[in-house]
Amino acid sequence: MPRDNQSNRFEGLEAVRIRPLRDEPLALDLVDTVWVDQGALLDQFDDLEGVRAWLGDHGLPGAPGLERVRDRLVLARDALRGLLEGRGHDRLNAVLDEGATRPRFGDDGPRDTVVVSDPAWEAAWTAAAAVVPLLRERPERLRKCANPSCVLWFLDVSKNGSRRWCSMEVCGNRAKAGRFSRRHKSVG
């Protein structure tokens, strides 16, 4: 995989291809644009192509000035992570203060329209506001991966609410392999 010579980031759309958890609800998917790979913290938004891809994946507008959109996405992401990690809600409230929904009627009937203080806020505000119904409905199902070195969050939709890992293929298998190795070392 091509890496930038200056840092641990992946170039272009390579970051999008390797991101381990991608089908979470919008707010969590924004939080999960930062992840750990081989001990390095990676950020999909280090590259504007990564921002473009994330916006496209969610059908969100880029607005003129993609750098400004990225800056607001990063603010919203950090505010969401802070809330999820128990560091307070003030930063998230500041992001949410940048917009609102307004009911409107159109030819297709009633709908809610997002109204923001600046078009560069629309995607970030939409993602930040998407955490509200998750926290109202099942806050106990919003979880951080049980792997201490993983930074990913997920919505546990398992029937009995027992999901522990962002991905069984990644963190779950690592934990299983570690337990297996420790068991066999103590036996041998």
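Before moving on, here are some points about what is shown:
- Here GLY109 clears all of (1) among the small types (Gly, Ala, Ser); (2) touching a helix residue (DSSP H, G or I) at 6+ places or on another chain (Cβ under 7 Å); (3) loosely packed, with under 14 Cβ neighbours inside 10 Å except the condition numbered (2).
- Taken over region 135-174, the criterion of being free of Cβ contacts under 8 Å to residues at least 24 places away in the same chain, of a type in the set (A, V, I, L, M) and closer than 13 Å to LEU21 by Cα is satisfied by MET168 alone.
- Hey, ARG70 among the basic types (Lys, Arg), in contact with a Phe, Trp or Tyr (Cβ under 6 Å, 6 or more places away or on another chain), in contact (Cβ under 8 Å) with a residue 12 or more places away in the chain and under 15 Å from VAL34 (Cα atoms) or not: yes
- Scanning region 112-125 finds one or more residues that are within 19 Å of PRO25 (Cα to Cα), surrounded by 15 or more Cβ atoms within 10 Å (Cβ to Cβ), aliphatic (A, V, I, L, M) and touching a residue at least 24 places away in the same chain (Cβ under 8 Å).
- In the set (1) modelled with pLDDT under 95; (2) in contact with a Pro (Cβ under 7 Å, 6 or more places away or on another chain), ALA130 fails one condition alone, (1).
- Considering residues of region 9-33 that are modelled with pLDDT under 95 and closer than 20 Å to ASP78 by Cα only, the residue surrounded by the most Cβ atoms within 10 Å (Cβ to Cβ): ALA15
- Every residue from region 118-175 that is among the charged types (D, E, K, R), part of a loop (DSSP other than H, G, I, E, B), farther than 24 Å from VAL51 by Cα and touching a helix residue (DSSP H, G or I) at 6+ places or on another chain (Cβ under 9 Å): ASP156, ARG163, ARG164
- Among the conditions (1) crowded, with 16+ Cβ neighbours inside 10 Å; (2) touching a strand residue (DSSP E or B) at 6+ places or on another chain (Cβ under 6 Å); (3) hydrophobic (A, V, I, L, M, F, W, C), LEU73 misses just one, which is (2).
- Checked against (1) in contact (Cβ under 8 Å) with a residue 40 or more places away in the chain; (2) in a strand (DSSP E or B); (3) surrounded by 19 or more Cβ atoms within 10 Å (Cβ to Cβ); (4) not aromatic (Phe, Trp, Tyr), VAL36 passes all but a single condition, namely (3).
- Filter result (over 18 Å from SER158 (Cα atoms) and surrounded by 13 or more Cβ atoms within 10 Å (Cβ to Cβ)) within region 130-146: ALA130, VAL131
- Within region 43-53, being within 18 Å of ALA79 (Cα to Cα) and among the hydrophobic types (A, V, I, L, M, F, W, C) holds for PHE45, VAL51.
- Pairs where the first residue, in region 78-99, is at positive phi and the second is in a helix (DSSP H, G or I), C-beta under 7 Å, 6+ apart: GLY88/GLY82
- Some residue of region 79-102 being exposed (fewer than 14 other Cβ atoms within 10 Å of the Cβ) and part of a strand (DSSP E or B): yes
The values are calculated or read from the model by the stated rules, or taken from the named source; none is laboratory data. Fair warning: this is a prediction, and the values are worked out from it, not measured in the lab. When we count neighbours, we look across all protein chains shown, and the Cβ atoms used for this are built from the backbone with ideal geometry, even at glycine.
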